[in-house]
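To start, the structure itself, in structure tokens.
What follows is calculated from the coordinates using simple rules that are stated; it is not laboratory data. Model, not experiment: these values are computed from the prediction. All Cβ positions, even for glycine, are placed from backbone atoms using ideal geometry, and neighbour counts span all protein chains on display.
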Amino acid sequence: MSDANLCMFTSNLFSDMTRDLTNLAIFGITTTIITNLETFGNTFEIFPSDEMLQGDVMIATATKNEKSTALKEIIPAMAFRVEIKWGTNSGQYSRLGIPVCELV
């Protein structure tokens, strides 16, 4: 059942329960119970759908991958500059955490 169908079903259910409250009283259904359930249903209705959340995840993953690619391109150039200035045995180069053989 889709979120939209579930929301419509619960809305209709609360309306029917309110209409038939006198018949449902023998089952312990009260106005308070119906109101609490309706509040819960309304709270669910404002949550984004699974499709929207999945789209957000896809956008976040694409953004992360773009930044990862940019970093992978920048780090070797930066390491090369550090190597030229201070050498591969320097503390500055070691701080980058790049083994010498990775750049070849």
(request) Could you calculate the contour length gain from residue 24 to residue 85, that is, 0.36 nm times the residue separation minus the distance between their Cα atoms, to one decimal place in nm? (result) 13.7 nm
(message) Can you give me the distance in nm between label points at residue 36 and residue 60, each placed 7 Å from the Cα along the Cα-to-Cβ direction?
(response) 3.3
(request) Among (i) 1.42; (ii) 2.32; (iii) 1.63, find the value of Cα Rg over 2.2 N^0.38 Å that was calculated from the structure presented, and write down its label. (result) (ii)
(message) How tilted is helix 50-86 with respect to the longest principal axis of the chain? Cα atoms for both, answer in degrees (0 to 90, nearest 10).
(response) 10
